[in-house]
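Student: Sharing a structure with you now.
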Amino acid sequence: MTKGYVFDIKRYALHDGPGIRTTVFLKGCPLRCLWCHNPEGQNPGQEIMLRPGRCLEGCSRCLEVCPLTAISKIGSWPKIDSSKCDCCGLCTQVCPSEALEIIGREMTPEEVMVEVMKDFAFYQQSGGGVTFSGGEPLQQPKFLEKLLRLAKKNHLHTVVDTSGYAQFDLFVRLLPFVDLFLYDLKLIDPERHLKYTGKRNELILENLQKLVKLTDKIIIRIPIIPSVNDDKENLNLMIKFISSLGQVGGVELLPYHTLGKDKYGRLGRNYQLLDIKKPSSEEMNRIAAYFKENNLSVLIGG
Ligand code: SF4
Ligand code: SF4
């Protein structure tokens, strides 16, 4: 039986495609974008996350039971070394305050769809549906295909939110069941892409060039990260590349935010973009105007 790892199911989502939607977040991503606000979605399997606000000062129960010595104390609070942890779950069982949780639930497509169908009436009224995001949802291709087939069987509008980093034949296989792709573009220069995401981008750009030949139901999403990709050189390369594609459904500019920053510490990792601030609305408007001057249809936000 096909099963997959899901790390969140968000109901009443308004920024992941048209109308009111449920967004299903699948675990696993080949990229490591330094600004990622869902770091708990990057690793393909389960992992442990700490909610520091719940941890009880003076308690050490989790340290005592961990068979792999993956938990240590920094001052009064525990710190998990994710490279040692095998997600046995013992610490979550002994924690008296539920300060530790396992991220990633193994689910069947049918179980996911039971959750999604709870808001069917809202989808009908608003023109919404279901969005599959992550992580990178194409990292679990069989699971995603099953989910999309079930969604279509239930007459749902479907969106796949992708980094584009996957084998192209997967896009072709999923295409009959996808009503809209939200396709992320970050940087055009492959070396800079490697520096900030951990991977070069030739595959992402080639996949997009091939996908637009098969469908125009694509919205390109660009996160605007000050001092990483908002410079004239990258914006010009972006505009040139997108203009060369032909018909796409539009471009959305997503302002950088730091809402996911605390999750890194809770996962025992470091957040590396500490000095970067959110772009101002003037800066976002300036970039949007620049895209419009170059005849691209653009929106700020999802
Ligand atoms: S889940 Fe990880 S941190 Fe917790 S007890 Fe098991 S190995 Fe240790
Ligand atoms: S068992 Fe729970 S409350 Fe106790 S130190 Fe560990 S995380 Fe904190």
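The values are calculated or read from the model by the stated rules, or taken from the named source; none is laboratory data. Quick caveat: nothing in here was measured; it's all calculated off a predicted structure. Note: ideal-geometry Cβ built from the backbone for every residue, glycine included; neighbour counts use all protein chains shown.
Student: Taking the range 116-148 as the region of interest, how many residues are free of Cβ contacts under 8 Å to residues at least 40 places away in the same chain and of a type outside the set (F, W, Y)?
Tutor: Filtering the range 116-148 down to residues free of Cβ contacts under 8 Å to residues at least 40 places away in the same chain leaves 117, 120-121, 124, 138, 141, 145, 148.
This time we only want the ones that are of a type outside the set (F, W, Y), so: 117, 121, 124, 138, 141, 145, 148.
Residues in the range 116-148 being free of Cβ contacts under 8 Å to residues at least 40 places away in the same chain and of a type outside the set (F, W, Y): 7 in total.
Student: In the range 159-176, what residues are under 17 Å from the mean Cα position of the chain (by Cα) and either surrounded by fewer than 22 Cβ atoms within 10 Å (Cβ to Cβ) or in a helix (DSSP H, G or I) (or both)?
Tutor: Once the filter is applied, which keeps residues that are under 17 Å from the mean Cα position of the chain (by Cα) and either surrounded by fewer than 22 Cβ atoms within 10 Å (Cβ to Cβ) or in a helix (DSSP H, G or I) (or both), the range 159-176 yields Y165, A166.
Student: So which of L100, L56 is more than 30 Å from G128 (Cα to Cα), surrounded by fewer than 15 Cβ atoms within 10 Å (Cβ to Cβ) and hydrophobic (A, V, I, L, M, F, W, C)? Talk me through it step by step, then tell me what you get.
Tutor: On the way: L100 fails: surrounded by fewer than 15 Cβ atoms within 10 Å (Cβ to Cβ).
Of the residues listed, the single one that is more than 30 Å from G128 (Cα to Cα), surrounded by fewer than 15 Cβ atoms within 10 Å (Cβ to Cβ) and hydrophobic (A, V, I, L, M, F, W, C) is L56.
Student: Does G268 satisfy being at positive phi and either assigned by TED's automatic domain parsing to the domain that holds A70 or surrounded by 12 or more Cβ atoms within 10 Å (Cβ to Cβ) (or both)?
Tutor: On the way: at positive phi: yes; either assigned by TED's automatic domain parsing to the domain that holds A70 or surrounded by 12 or more Cβ atoms within 10 Å (Cβ to Cβ) (or both): yes.
Yes: the conditions hold for G268.
Student: So which strands (runs of 3 or more DSSP E) stay within the range 1-100 end to end and still have 2 or more residues that are within 12 Å of ligand 2 (Cβ to nearest atom), closer than 22 Å to K261 by Cα and in contact with a strand residue (DSSP E or B) (Cβ under 8 Å, 6 or more places away or on another chain)? Full working, then the answer.
Tutor: Working: elements: 4-13, 21-26, 47-50, 71-74, 77-80.
Because the criterion is at least 2 residues that are within 12 Å of ligand 2 (Cβ to nearest atom), closer than 22 Å to K261 by Cα and in contact with a strand residue (DSSP E or B) (Cβ under 8 Å, 6 or more places away or on another chain), the strands (runs of 3 or more DSSP E) in the range 1-100 that meet it are 47-50, 71-74, 77-80.
Student: Out of all the residues in the range 121-133, is one or more farther than 24 Å from V212 by Cβ, touching a Leu at 6+ places or on another chain (Cβ under 8 Å) and surrounded by 13 or more Cβ atoms within 10 Å (Cβ to Cβ)? Please lay out each step first, then the result.
Tutor: Keep residues of the range 121-133 that are farther than 24 Å from V212 by Cβ, which gives 121-126, 128.
Add one more test, that the residue is touching a Leu at 6+ places or on another chain (Cβ under 8 Å), and what stays is 123.
Those still in the list that are surrounded by 13 or more Cβ atoms within 10 Å (Cβ to Cβ) too: 123.
For the range 121-133, residues farther than 24 Å from V212 by Cβ, touching a Leu at 6+ places or on another chain (Cβ under 8 Å) and surrounded by 13 or more Cβ atoms within 10 Å (Cβ to Cβ): present.
Student: Let me ask another. Cβ contacts < 6 Å: first residue within 17 Å of C55 (Cβ to Cβ) and touching a residue at least 12 places away in the same chain (Cβ under 8 Å), restricted to the range 91-115; second residue away from ligand 2 (no atom under 16 Å from the Cβ) and assigned to a helix (DSSP H, G or I), any location; separation 6+ or different chain. Result?
Tutor: Hits for this filter: I103/E40.
Student: Looking at K199, K152, K195, can you tell me which residue is touching a Phe, Trp or Tyr at 6+ places or on another chain (Cβ under 7 Å), under 30 Å from K79 (Cβ atoms) and modelled with pLDDT of 95 or more?
Tutor: The match here is K199.
Residues are listed down the side, and each one gets a yes or a no for (1) more than 10 Å from ligand 1 (Cβ to nearest atom); (2) among the small types (G, A, S):
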| residue | (1), (2) |
| --- | --- |
| E57 | yes, no |
| L63 | no, no |
| P67 | no, no |
| A70 | no, yes |
| K73 | yes, no |
| C85 | no, no |
| A99 | yes, yes |
| G104 | yes, yes |
| E111 | yes, no |
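Student: Now a separate question. Can you confirm whether D216 is more than 30 Å from V178 (Cβ to Cβ), over 19 Å from the mean Cα position of the chain (by Cα) and not small (G, A, S)? Spell out the reasoning first.
Tutor: Working: more than 30 Å from V178 (Cβ to Cβ): no; over 19 Å from the mean Cα position of the chain (by Cα): yes; not small (G, A, S): yes.
No.
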